[in-house]
Amino acid sequence: MAAKSQPNVPKAKSIDSITNDRTASQGQWGRAWEVDWFSLGSIIFLLLCAPFIVYYFIMACDQYSCALTGPVVDIATGRAQLSDIWAKTPPITRKAAQLYTLWVTFQVLLYTSLPDFCHKFLPGYVGGIQEGAVTPAGVVNKYQINGLQAWLLTHLLWFANAHLLSWFSPTIIFDNWIPLLWCANILGYAVSTFAMVKGYFFPTSARDCKFTGNFFYNYMMGVEFNPRIGKWFDFKLFFNGRPGIVAWTLINLSFAAKQRELHGHVTNAMVLVNVLQAIYVIDFFWNETWYLKTIDICHDHFGWYLGWGDCVWLPYLYTLQGLYLVYHPVQLSTPHAMGVLLLGLVGYYIFRVANHQKDLFRRTDGRCLIWGKKPKVIECSYTSADGQRHHSKLLVSGFWGVARHFNYVGDLMGSLAYCLACGGGHLLPYFYIIYMAILLTHRCLRDEHRCASKYGRDWERYTAAVPYRLLPGIF
Ligand code: NDP
């Protein structure tokens, strides 16, 4: 992709020519205060269509063995009507509602009632009470980081059930997949609506609320920055990580169990998808403290985008590969499987090292080594809404000197590996890489827009030193 949206890509300058600009940005940064027509149109489209997109994918697997065009062709040729498809769709059931309530309650309890003990015995793991980034209003929140512990205990219980207790079938998630979808939607809408009302009437930090005057934008992108109940129940941290991401690996395990039940064995493609995605999930929880400094937590407000997205979009669409492999038990040739594994691991390596470089750099205030050398730095400053001047640094070494978001490239390589594990029979499992490419490109543009308003001329100096966003020479 050519760098069309950035017509004036500046040439790379020598870092020595970069001087610190103390006249950097003033005023507001963070999520938008005003909504243009394009954003409004996209938001209304997403609010109306996203639940149907998720339904369409899951229904296509359930009724058409994951053939994405199946429902459209049947309707277009008169072989089926919408009402026929709907009539064959499993409704919400009491069992699914109980299961889902139990699941969410269990995760809430693990989150709120069990202070982290993993950091006491796991060398290198940072958990327990940690601080987030400075919010636009100048607030620094504290978080109880115990996601790894929640993930470990949940999976311990899952394996204990599968091998010893037999309280429930390991295929339970697959067997209730569509009824559970309705429950996830109810929670997603309930929590987003609650967050909106809370933002208006009883916000946790009124100074960090943003009102655009547009109801749809406020509902989708959120009003409150860090809604909380009590001191510790933080909506963003809870809904981003649990129940969705803890569930991700369980959902995959349930799909593997179903594949074995239906076809008598688990294929190497299913093993690859389970292993590569488990690495990503464990990495997320191992680095939950780092996650406090990512865009989701330290820049996005909590609305439908995060609330519904974490409850429905993530667990249902990020697990499409495993679901597909239940219907199509692909067994890959050894070279194909090795290629997928290599791509997944190299992608993960870039993703992790790039994120680690920035984290290390920020934590040590630049007093560290990146690729064995003292890092190159751009000093920058910004003003929070309370008028306070803050200083920060931008890293220009390591992967952050190759491109401004090379961490996204690693993520995209990993995402492609999951899809390639499903072979070339159908388009459906490739939805993930298409979606991730759109998400991360959009995120990259959104983040750069925000950084430009936050750092002003200091950000310009960074884009001059590192001219490309994702791929050097291309974009
Ligand atoms: P980044 O980790 O890239 O964070 C961007 C922020 O880092 C900027 O807003 C800025 O914040 C700071 N920053 C930017 N450039 C520099 C620099 N050169 N030196 C120091 N700090 C810099 O973005 P995300 O939070 O989006 O992503 C984190 C990871 O999560 C990525 O690897 C991404 O791939 C992954 N991800 C995965 C998703 C999924 O659905 N699977 C969704 C979203 C992300 P500041 O204001 O502090 O300067």
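The values are calculated or read from the model by the stated rules, or taken from the named source; none is laboratory data. What you see is a predicted model, and the numbers here were worked out from it, not measured in a lab. No Cβ is skipped: glycine too gets one built from the backbone with ideal geometry, and neighbour counts run over all protein chains shown.
Per-structure values
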quantity	calculated
Check on CYS311, modelled with pLDDT of 95 or more and farther than 19 Å from GLY414 by Cα	yes
Single residue of TYR305, TYR316, TYR349, TYR324 found to be under 22 Å from the mean Cα position of the chain (by Cα), aromatic (Phe, Trp, Tyr) and surrounded by fewer than 17 Cβ atoms within 10 Å (Cβ to Cβ)	TYR349
Number of positions in segment 373-399 that are farther than 21 Å from ARG461 by Cα and modelled with pLDDT under 90	4
Evaluation of VAL35 against (1) among the β-branched types (Val, Ile, Thr); (2) surrounded by 15 or more Cβ atoms within 10 Å (Cβ to Cβ); (3) modelled with pLDDT of 95 or more (one fails), failing number	(3)
First in segment 38-62 and aromatic (Phe, Trp, Tyr), second anywhere and part of a helix (DSSP H, G or I), Cβ under 8 Å, 6 or more apart	TYR55/LEU181; TYR56/PRO71; PHE57/TYR316; PHE57/LEU317; PHE57/LEU320; PHE57/LEU428; PHE57/PHE431
Selection count where residues are closer than 29 Å to THR319 by Cβ and assigned to a strand (DSSP E or B), scope segment 131-176	4
Residue that is surrounded by the most Cβ atoms within 10 Å (Cβ to Cβ) [pool: residues in segment 412-450 that are within 23 Å of ARG469 (Cβ to Cβ) and hydroxyl-bearing (Ser, Thr, Tyr)]	SER415
Selection from segment 385-406 of residues that are surrounded by 21 or more Cβ atoms within 10 Å (Cβ to Cβ), more than 8 Å from the ligand (Cβ to nearest atom) and in contact (Cβ under 8 Å) with a residue 60 or more places away in the chain	ALA403, PHE406
Near pairs, Cβ below 8 angstrom, 6+ apart or cross-chain, from segment 407-425 (within 10 Å of ILE350 (Cβ to Cβ)) to any residue that is within 9 Å of the ligand (Cβ to nearest atom) and of a type in the set (D, E, K, R)	ASN407/LYS358; TYR408/ARG443; GLY410/ARG352
Of the criteria (1) within 14 Å of the ligand (Cβ to nearest atom); (2) touching a Leu at 6+ places or on another chain (Cβ under 6 Å), which one LEU317 fails	(2)
Answer from GLY124, GLY147, GLY138 - the residue that is surrounded by fewer than 18 Cβ atoms within 10 Å (Cβ to Cβ) and under 15 Å from TRP290 (Cα atoms)	GLY124
Subset of segment 286-302 that is among the β-branched types (Val, Ile, Thr), assigned to a helix (DSSP H, G or I) and within 12 Å of the ligand (Cβ to nearest atom) - its residue that is surrounded by the most Cβ atoms within 10 Å (Cβ to Cβ)	ILE297
Test: VAL281 is surrounded by fewer than 23 Cβ atoms within 10 Å (Cβ to Cβ), closer than 27 Å to PHE168 by Cα and more than 14 Å from the ligand (Cβ to nearest atom)	no
Cβ pairs under 6 Å, 6+ apart, first in segment 135-154 and touching a residue at least 60 places away in the same chain (Cβ under 8 Å), second of a type in the set (S, T, N, Q)	PRO136/SER384; GLY138/SER384; GLY138/GLN388; VAL139/SER205; ASN141/ASN226; TYR143/GLN130; ILE145/GLN130; ILE145/THR289
Filter pass, GLY322 being of a type in the set (Gly, Ala, Ser), more than 23 Å from GLY124 (Cα to Cα) and touching a residue at least 24 places away in the same chain (Cβ under 8 Å)	yes
Qualifying residue in segment 87-95 (condition: under 23 Å from the mean Cα position of the chain (by Cα) and outside the structural domain of ASP359 (by the TED database))	no
Residues that are away from the ligand (no atom under 16 Å from the Cβ) and among the aliphatic types (A, V, I, L, M), drawn from segment 421-452	ALA421, LEU427, LEU428
Residue check, ASP310 buried (at least 21 other Cβ atoms within 10 Å of the Cβ), assigned to a helix (DSSP H, G or I), in the same structural domain as TYR189 (by the TED database) and within 11 Å of the ligand (Cβ to nearest atom)	yes
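Residue-wise test of (1) surrounded by fewer than 20 Cβ atoms within 10 Å (Cβ to Cβ); (2) among the polar types (S, T, N, Q); (3) over 21 Å from the mean Cα position of the chain (by Cα); (4) not in a loop (DSSP other than H, G, I, E, B).
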site: ASN226; (1), (2), (3), (4): no, yes, no, no
site: LYS231; (1), (2), (3), (4): yes, no, yes, no
site: PHE239; (1), (2), (3), (4): no, no, no, yes
site: TRP248; (1), (2), (3), (4): no, no, no, yes
site: ASN252; (1), (2), (3), (4): no, yes, no, yes
site: LYS258; (1), (2), (3), (4): no, no, yes, yes
site: GLU261; (1), (2), (3), (4): yes, no, yes, yes
site: HIS265; (1), (2), (3), (4): yes, no, yes, no
